[in-house]
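A short reminder: the numbers here are calculations on the coordinates, not readings from a lab. Keep in mind it's a predicted model, so treat the numbers as computed, not measured. Note that each Cβ is placed from the backbone with ideal geometry, even for glycine, and that neighbours are counted across all protein chains shown.
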Amino acid sequence: MEKKSPLKYIIMYLKISPSAEKAINLLASSGYAAYAVGGCVRDLIMGEEPNDFDITTSSRPEETLYVFRDFKTIETGLKHGTVTVLIDGDPLEITTFRSDGEYKDNRHPEKVEFSRHVSDDLSRRDFTVNAMAYNHDDGLIDLFGGTEDLKKGVIRTVGEADKRFNEDALRILRAFRFASQKGFSIAPKTAESALRNLHLLENLSAERVYSELKKLLLGKNAERIMLDYPEVICAVIPELKPAVGFDQRNPHHIYDVYTHTVKAVCACPFDPVLRLAALLHDVGKPETFSLKDGVGHFYGHSDKSMEIAKRVLERLKVDNYTKNTVLTLIKYHDPVIPAEERSVKRYMNRLTPEVLSMLLDLKGADNLAQSPECAKRLEIYTEIRRIMAEITEKNECFSKSQLALNGDDLIALGIPRGKRVGQILDALLEEVTAGNIENEKDLLIEFVKKLQ
Ligand code: ATP
Ligand code: MG
């Protein structure tokens, strides 16, 4: 096929997946150019396992459908040139070379134009490290110095940063997200332009913003990026602005609220719900600050943080499970949980063992992020986990559903249906978890009879 401009092929061997290889070969044998492209090429050059393989090709969507007529295909986004093909059980996205037309509202191209040139497709991509294509025959096509930037660990826009960020403001967040995930820095001009254009984030849908924020929070370099660029986090969550530089005036805290928050996020395991909870756990601190004898206090900050977090999570259109769990974790992040069976059972009942386990992670991260002194408190969480494991192992009762007596049994004993049944079950659970009665049906019946 005629090339628009001479391409520089770099001889290199990359181990692409068998299904990607099969797709490229099939397209090639039908006379089309086809490459693995984007994130998978970047990850392979870095020696990492790609999340998925994307294919870019000169064939038009209807031609792609014809080439893969013997396979199961899904017309994922025909308008945008994308066909998903199932190859050996693997879904593979195959997209026609595209050049994006004019953009409107800083997010959507007015129209997508298909092209027969891979160079057009690479030019529309966001960053040099994401703008490389590869197949075994041609080797690597790197038109913008992507390999060089990968070597240096730099995120740099393809073309002029201002123009690219104005076309699609999501790229601003993607720059920081990739820097966080890959441990890269951001090229000075790209970073300057990103910061200058942060206001454009307002035009983006909540879903796209949240998806990038989540990935940023989970990056191995999240601490550096969040500390170096607080304005980016605050552009997404303006509620955190007062936390930046907020001196806690408290001997247990050596960091300001924002720095403490970032350190808590990054001391959490790599779990999106936990990290989101850590990001918002102290968001209410500045509003609840009071000073007594020169020492800062934040009475009621958990409730305030919950209230603000609820607003933030709803604005970001976070799913209900995440929202509710984050709010529960924030609510309970501060009080001390005594390392004794009775309290642990109460928490297991109130939160579920899963959420209690997350709460212990959050509390540990919170302590670690206060000061080296407070990190010593971590032993208590190990002890609580040991007690939890013992309760689970012995199948001990910590919730109403585990009681040897249920609501129907109570009704059979002559308790009238309604509120009273629930109250008696609560009382039974209290006695059983306190160790006052064994969880045995006869003993529980006896207790109920005495209550009458
Ligand atoms: P990940 O490993 O997180 O999936 P990725 O690089 O594959 O990383 P995707 O969001 O899956 O990221 O996008 C695939 C490719 O599509 C990118 O590598 C990039 O070339 C291109 N791309 C995605 N989003 C944009 C965008 N907003 N603007 C320009 N190019 C984009
Ligand atoms: Mg991807």
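Within the straight-line cut-off of under 27 Å between alpha carbons, the lysines reachable from K152 are K8, K15, K163, K182, K189, K214, K215, K220, K263, sequence neighbours fewer than 8 places apart in one chain being disregarded.
Name the shape class, rounded, prolate or oblate, that the alpha-carbon gyration tensor gives for the range 394-441, where a ≥ b ≥ c are the square roots of its eigenvalues, rounded holds for a/c under 1.5, and otherwise prolate holds if a/b is larger than b/c and oblate otherwise. Provide the component values of the computation, followed by the final result.
Numbers: a/c = 2.25, a/b = 1.89, b/c = 1.19.
The shape class here is prolate.
Round to the nearest 0.05 the FRET efficiency obtained for V336 and Y13 when R0 = 51 Å and r is the Cβ-Cβ distance.
After rounding, the FRET efficiency stands at 0.35.
Karplus-based coupling profile of the range 287-301, in residue order and whole Hz: 6, 10, 5, 9, 10, 10, 6, x, 10, x, 10, 9, 4, x, 5, with θ = phi - 60° in 6.51 cos²θ - 1.76 cosθ + 1.60 and x standing for Gly or Pro.
Modelled label positions at L227 and V244, each set 7 Å beyond Cα in the direction of Cβ, lie 1.6 nm from each other. Derived scalar couplings between HN and Hα for the range 320-335 equal 4, 4, 4, 4, 5, 5, 4, 5, 4, 4, 5, 4, 9, 6, 9, x Hz in order, rounded to whole Hz, by the Karplus curve 6.51 cos²θ - 1.76 cosθ + 1.60 (θ = phi - 60°), x for Gly and Pro. Close amide H partners of G139, meaning residues 5 or more places away or on another chain with modelled amide H under 5 Å apart, do not exist here. Please determine, in degrees from 0 to 90 and to the nearest 10, the orientation of helix 441-451 with respect to the longest principal axis defined by the Cα atoms of the chain, where the helix direction is its Cα long axis. Relative to the chain, helix 441-451 is tipped by roughly 60 degrees.
By per-residue mean of other Cβ atoms within 10 Å, what is the highest-first order of 423-431, 389-397? Mind dumping the intermediate values first?
Details: 423-431: 16.7, 389-397: 12.4.
The densest-packed peptide leads the list: 423-431, 389-397.
If you sort the three axes of the alpha carbon gyration tensor as a ≥ b ≥ c, you get a/c of 1.5 or more for the range 75-200 and a/b no higher than b/c, which makes it oblate. Look at the alpha carbon pairs under 8 Å that are at least 6 residues apart: their mean separation over the length of the chain gives a relative contact order of 9 percent.
Rounded, prolate or oblate: which fits the range 305-452, taking a ≥ b ≥ c as square roots of the Cα gyration tensor eigenvalues, rounded meaning a/c under 1.5, else prolate when a/b beats b/c? If you can, show how the numbers build up before the last one.
Values: a/c = 3.15, a/b = 1.65, b/c = 1.90.
In terms of gyration-tensor shape, oblate.
Taking amide hydrogens as placed 1.01 Å from N in the peptide plane, the amide H of Q248 sits under 5 Å from those of V257, each at least 5 positions away in sequence or on another chain.
Peptides 55-67, 305-317, 283-295, ordered by how many other C-beta atoms sit within 10 Å of their residues on average, highest first, read 55-67, 305-317, 283-295. Stokes-Einstein diffusion of the chain at 4 °C, 1.567 mPa s viscosity, Kirkwood radius from Cα pairs, rounded to a whole number: 50 µm²/s.
Taken one residue at a time, the phi angles of the range 417-426 give Karplus couplings (6.51, -1.76, 1.60, θ = phi - 60°) of 3, x, 3, 4, 4, x, 4, 5, 4, 4 Hz. Gly and Pro are set to x.
The order of C266, C374, going from fewest to most other C-beta atoms within 10 Å of their C-beta, is C374, C266. Spatially close Lys pairs in the range 317-452, defined by Cα atoms under 16 Å apart and a spacing of eight or more places or different chains, total 9. Here the range 274-296 and the range 360-396 have alpha carbon centers that stand 21 Å from each other. Between the amide H of G284 and those of S305, distances stay under 5 Å, these residues lying 5 or more places away or on another chain, with hydrogens modeled in the peptide plane.
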